[in-house]
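Worksheet: the structure to be examined is printed underneath.
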Amino acid sequence: MQPGARHLAQLNIGRLVAATDDPRLAEFMAALDRVNDLGRRMPGFVWMMEGSGTPGTGNSGTEVPGDPRMSVNMTVWESVETLEAFVWNTLHRRFYERRAEWFESSGEMHFVMWWVPEGHVPTLDEGLGRLARLRAHGNSDEAFDWSWLEEARRWRAGNCSTMAAE
């Protein structure tokens with residue numbers, strides 16, 4: 001359950017199947033700004049890391065060192081419900097459901113959430129650390145996926161997967 005005076009941070013990371021100028025990624029790359037702009041306009045949206053989703057941008061420390069095909073998205077939301085509304089009830093879902101067309105299957109968790117104090121802006125290192133914790137130890141109060149959150153009703157109702165490999 002959401003602790004008081006906290007927001008929900010999330011990090012989503014994946015490796016593209018090809019370079020960003022490859023025709024196989026044209027639809028994904030063309031929609032990236034549109035989907036991000038939609039997120040920014042959603043009720044409950046708090047913050048988005050500069051360059052979110054754009055591989056190899058290098059903006060504000062958003063690049064994963066050594067791999068220009070890694071796409072990283074990190075955002076902060078007022079609540080589980082507001083993040084769920086964006087993820088499952090907007091254009092975002094259509095692209096999420098097609099992720100296997102654009103992202104390699106890593107066979108490991110690619111997504112993590114955690115609570116942050118209101119006003120806190122997470123860093124990429126913080127998010128990657130939370131993901132590493134989730135991968136190593138499973139769900140906990142410090143790092144979790146949708147299944148850890150009782151209030152994640154849309155995720156449960158949609159029987160949505162947390163693994164990029166699925």
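The values are calculated or read from the model by the stated rules, or taken from the named source; none is laboratory data. Computed from a predicted structure; not experimentally measured. Here Cβ is always computed from backbone atoms with ideal geometry, including for glycine, and neighbour counts include all displayed protein chains. In case anyone asks, the SASA skips ligands and DNA or RNA and just uses the protein heavy atoms, side chains included. Shrake-Rupley method; radii C 1.70, N 1.55, O 1.52, S 1.80 Å.
Annotations for the structure displayed:
- In summary, residue 92 fulfils each of the numbered conditions (1) open to solvent by 60 Å² or more (accessible area, probe 1.4 Å); (2) assigned to a helix (DSSP H, G or I) with the single exception of condition (1).
- Those residues of region 1-42 which are surrounded by 11 or more Cβ atoms within 10 Å (Cβ to Cβ), in a loop (DSSP other than H, G, I, E, B) and free of Cβ contacts under 8 Å to residues at least 60 places away in the same chain, in sequence order: 18, 19, 20, 22, 42
- Region 112-131, residues that are part of a loop (DSSP other than H, G, I, E, B) and open to solvent by 50 Å² or more (accessible area, probe 1.4 Å): 118, 119, 120, 121, 123
- The listed residues are 52, 79, 60, 71, and the only one of them that is at pLDDT 90 or above and within 25 Å of residue 129 (Cα to Cα) turns out to be 79.
- Candidate set from region 135-166 (those that are within 23 Å of residue 102 (Cβ to Cβ) and open to solvent by less than 20 Å² (accessible area, probe 1.4 Å)); member that is modelled with the lowest pLDDT: 160
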